[in-house]
Each structure stands twice: as structure tokens, then as C-alpha cells.
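To keep things clear, I will list the structure first and then write my remarks on it.
The values are calculated or read from the model by the stated rules, or taken from the named source; none is laboratory data. All values derive from a computational prediction rather than experimental measurement. Note that each Cβ is placed from the backbone with ideal geometry, even for glycine, and that neighbours are counted across all protein chains shown. Each accessible area value is taken on the protein alone, full model and side chains, heavy atoms only, with ligands, DNA and RNA left out. Shrake-Rupley method; radii C 1.70, N 1.55, O 1.52, S 1.80 Å.
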Amino acid sequence: MRLALLLGVPLFWMVGVYGGSLAALLVQSFFRLDSFAGTIDRSPTLATWRDLFTDANMSVAARTIGMASSVTLASIVIALPLAYFIARHASRRTKAVLVLAVMIPLWSSYLVRVYSWKLILSADGIVNWFFERLGIGGLLDAVLALPAIGGPSLSVSYIGQFLVFVYIWLPYMVLPIQAALERVPRSFIEASADLGAHPATTFRKVVWPLAIPGVAAGSIFTFSLTLGDYIIPTVIGDSSPFIGLAIYSYQGVAGNLPLAAAFAFVPIAVMGLYLFGAKRLGAFEAL
Amino acid sequence: MRTAGLGLKAAALGAILYLHVPIAILFLYAFTTEDASFKFPPPSLTTRWFEVAWNNADIRAALGLSLRVAFVAMVVALILGTLTAGAVWRTRFFGREALSLFIVLPIALPGIITGIALRSAINLADLSFSFWTIVIGHATFCVAVAYNNVIARLRRTSPSLIEASMDLGARGWQTFRHVLLPQLSSALVTGGMLAFALSFDEIIVTTFTAGNQQTLPIWIFSSLVRPRNRPVTNVVALAVVVLTFVPIVVAQRFSRRAEESS
């Protein structure tokens, strides 16, 4: 009785309204858009799912997964030293400050943080100015001239997009790695050093294996968040579509809600597989 | 403690700078006199864009809407999150695990999926888009932070407190009001502040549940996609950073104090 009283409203809201909406979305993906009439045909069909597996859509998915993977790798490389420093070297006071310094971007305005890079990367912005000042503007031009990842300016290139993705999701990688390293007993590292291991060997054989659950946990966030994002590819980059953007335009401009619904299950499926792998690496114990 | 190598220090510092320099640059740009491009360095500095932004009716309306939505979403999320935490705490029932999954799902799934699901449900239910549809979307993903904070606090609350209160003859409501609520107050402040910040800043779900109303993030986003009034956008961006900073620091303070006292 007490339980029913407590649970009634949350159950109705989260499972009824929210769960119901998700279920309805799945159902919609089995309808199809009648492209002549522009209306939705509500007889069950697999036609929409067949439309999903066209080359164009699959290359959008591949591009998104490629970006999500490279963003995840870069985040690991950048986050590891910071997390290691916080966990092993910082004094109590410094640690509190550094953890806060990682947390604040996590909670502060996502949109504004994306916007700040529009200022930084624009053709007359600070990055170009900096390179010019150092007299290596030619280097930047050479990088931008690279096929595929380059572009007319940083803010409309894949490189720019990549920098922004890493910047936005980096805190999600630092915190779980730091938590995992925090749990490595100091004696492990000392023992390894006492036994004559070079610091690099200690890192490779002792620290890294113990950091893996944290890395896997962090990568769930960086991977999943990149997979579903559509704001960053809209604001930065050459506006070639990512999964999020494709879903957005299918449901909006194209009015093809069934296809958008089917597409929405691509990141869910990819994340399902990813979580399965991450679970095997011990990611859930590190969360 | 061993001293860190120079390379490690430099790499750690580099990561911190990467996370913070962009916002510092935003501060600078809010004062630039250049109004047509993102030219660096700014030709000269001025505070006049703050006045222009303040007197802009669209921005005021968007700010007002965002604050109202965030407030109502926060209240709804706190109620739902506390109720759920109360039910999940110390009771086992069928579907308990499934319920906690549903609570975190809106922040675990990409926002676009939550957004599109709610939008098609709103259309199916033949509701018109309004203030309340935005609130429904926001409250749905804010429940998670409220729930997480309250349940964490409850798990550290000794059950004997409740039993003692009941033994002394307090009714359920009295026990809640005089024993449990004071215990929960800091968790409610933390959860509430985080929910407020989350809602105030949300853009993705909002695009799908807002119809043609403009919250502040939607206003910013639309001026990013079709650049107009760059200096005013810079000022609004800075204001958003400052406005979300306050609840976050308050939340941080409260959760730190709660940890230290327990």
C-alpha cells in the first residue's frame, strides 16, 4: 500500500509515458512513408528497415562510428596523464581543486562550450593568429590541405570537429580513470620498481591493466555521446551528416518519421554491442 | 608521495588548459568591439553589448522561459526522484531493477532518441506543443540526478533512525517530516541544483518538445546556425556560463559538506 503510494506517479511517468514513447517509436519504424502522398502508411511492413540499409545511410553510420572511435582513443591518451597525476601525485588540496576543474566543464553549458570553439577555430580566430605569429601559418595550411580530414578552415573541417568532440567529452574519461587508478595500491607500483622494472614497464604491466576498467567505463560515455550528438556536427565541420543529424533531418525536413525511428535504433544497437564488450573489461565495476 | 616527472606534469597541465582556455576566450569575446567577425585579437574592448543584450526582448523572453522551465522541471524531478528513491530504498518488489533502469535511461540514451520518442508521442496524443511539453521532456531526464542524490543519501541513513521515530509513536508523515526530510535536505539541494542546471542548458530534447517557443539554448543555437548579432550572442553565451556556474558550485559545496559530516 505504502509502496503503491510512493511508486504510482513515478511509474506512470517513467515507465508509462517515457517507456511508452520509446515503444511507440519502435512501432513507428514498422510503418512506412508513402512518398507520393507524403503521409504515413500504418500497415506493418519491413520496408522502412530495408530503406535504412542503403549505402548512403550506412556510410553515415560508418562515419559516425569512425568519429566516435577516434574521439574515444584521443580522450584516453589525453585523460590518462591527468587522471594519473590526480590519483597518484596531487596533494589533498590540489586533488580537490583538480577534480573540481574537471567537473565544472562537465556540468557547465554544453552548447556554450561548443560555441566557444566556433570563435577559436574560425579563419580569423585565435588558432590561426597563433600559428601566424609563430611564423608557421604554412604548417596549418598544409594540415588543412590534407584530403578527407582537412577543409577551407579549421571550423569547417573534420579536424576541428574532432577537437571539439574530444574537448566536450574529455571529463567523462578523466573521472572514471582517476577513480580506477585511485584504487591501485601504492605498494603495487613500489613492488614493481623494487623488482627492477623501468617506469615504462611498470606502467605497461601494472598500471595500465588496472586502469582498463576505468578506461572502458569512460569510453562508454565518450563513444555513446559522440554517437548520438547532432549539435557539434551542425555547428562545426563541413555539415556532412552524422547519425544524429540524419535522424533529425529524416523526422524534420523529410517528414519520414518511420525512417528516423528505425535510424534511432542504430546507435542503440551499436551501444548494446559496445556495452557487452565493456562489461567484459570490467567497466561496470569502475562506474 | 613521489614527485611527478616533468612530462607527466606538462601533459596534465595541458589537459586542464584544454578544458578551460575556451571558456576564457569566450569571456574575452564578450567585450570585443568587432561585430561582424570572430577576429582575434579583438580590435578594442567595450561593455556596450551587455546593454544591447539586456534590452533585447527576444533574449529576455527566452531567458524567462528557460528559468521557468528549469524551475518547474526541477520541482517535478525532485518529487518523482524522491518518491522513487523512497520506494526502492529497503524494499524489494517485482520490477525494481527495471524501474531503476528506466530512471537512468533518459540520460544514458542519446538525447535525440528521447527527444524524437517524446515528440512522436506528443503528436500521437494530439497534444499541442507548449510550456508543459518542454517541462515533460526536461523533468524526464532530470529525475535521474534527483534520484541518484536522494538514494545515495538514503543508503547512508541508518534505518534505526526511522525505527526509533516509529517506536516513539510518530506517524509515517511525522517521521518523514521530522526525521527523514532533515536528513535529505542537502541531497535535495544538490539534486535540485544539478537538475536545474541540466534543464537550463538542455538543447537536444528541447528542440523536439518545444514547438515554436524559444528557450535560451534554442535562441543561442539558432543564432549559431544562422549567424546574426554575433556580439550579442557572445554576451548571452557568457551569461549562460555564469548562470549555470552558480548552481553547480552550490551543489558541489552541499555534497562536500554532506560527505564530511557523515
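A compact table of results
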item: Axial C-alpha extent at least 15 Å, average Kyte-Doolittle at least -0.5 - helices from chain B (DSSP); result: B:6-29, B:57-88, B:96-108, B:111-124, B:131-155, B:181-201, B:230-261
item: Under 19 Å from the B:Asn212 label point (7 Å along Cα→beta-carbon), backbone N, segment A:236-263; result: A:252-255
item: Over 23 Å [Cα-Cα, segment B:62-261], rounded percent; result: 51
item: Exposure rule at most 16 other beta-carbon atoms within 10 Å, DSSP loop chymotrypsin sites (Phe, Trp or Tyr not before Pro): chain B longest free segment; result: B:130-262
item: Cut-off 11 Å between beta-carbons: net charge of the residues surrounding A:Gln178, Lys and Arg +1, Asp and Glu -1; result: +2
item: Estimated FRET transfer efficiency when R0 is 45 angstrom, pair A:Glu182-A:Asp34 (beta carbons, to 0.05); result: 0.20
item: Area buried, chain A against chain B - accessible surface, total, 1.4 angstrom probe, square angstrom; result: 6800
item: Built amide H within the under 5 Å cut-off of A:Arg32, gap 5+; result: A:Asp41, A:Ser43
item: Three-way shape label, segment B:190-262, alpha-carbon gyration tensor, a/c 1.5; result: oblate
item: Estimated inter-spin distance, A:Ile268 and A:Lys205, nm [label 7 Å along Cα→Cβ]; result: 4.7
item: Nearest-10 value in Å² for the accessible area of A:Ser187, using the 1.4 Å probe; result: 70
item: Values of log10 I(q)/I(0), in the order q = 0.08, 0.15 Å⁻¹, for chain A under a Debye, Cα-only, solvent-free model; result: -0.48, -1.23
item: Gained length - B:Ser158 relative to B:Asp58, 0.36 nm times residue gap less alpha-carbon distance; result: 31.0 nm
item: Theoretical gain in end-to-end length, A:Phe12 to A:Ala96 [0.36 nm per residue, Cα-Cα removed]; result: 26.2 nm
item: The protein assembly as shown - percent of accessible surface contributed by carbon and sulfur, probe 1.4 Å; result: 66
item: DSSP-loop trypsin sites (Lys or Arg not before Pro) across segment B:73-143, with at most 14 other Cβ within 10 angstrom; result: B:Arg90, B:Arg92
item: Fluctuation leader among B:Leu26, B:Leu127, B:Leu198 - chain B, Gaussian network, Cα springs under 10 angstrom; result: B:Leu127
item: A:Arg50 paired with A:Leu195, simple spin-label distance in nm, labels 7 Å along Cα-to-beta-carbon; result: 6.1
item: Accessible area (Å², per residue) of the protein assembly as shown, counting only protein heavy atoms and a probe of 1.4 Å; result: 46
item: Largest-first ordering by accessible area, 1.4 Å probe, given options B:Ile220, A:Ile159, A:Ile65; result: A:Ile65, A:Ile159, B:Ile220
item: Mean residue ellipticity (222 nm) of chain A, computed from DSSP H runs ≥ 4 via -39,500 (n - 2.57), nearest 500; result: -21500 deg cm²/dmol
item: For B:Thr32, distant residues with modelled amide H under 5 Å away; result: B:Thr46
item: Helical segments meeting 20 Å axial Cα length and Kyte-Doolittle -1.0 threshold in chain A (DSSP H); result: A:55-84, A:92-107, A:158-182, A:208-228, A:257-280
item: Taking all pairs of distinct alpha-carbon atoms in segment A:77-157, Kirkwood radius in angstrom; result: 15.4
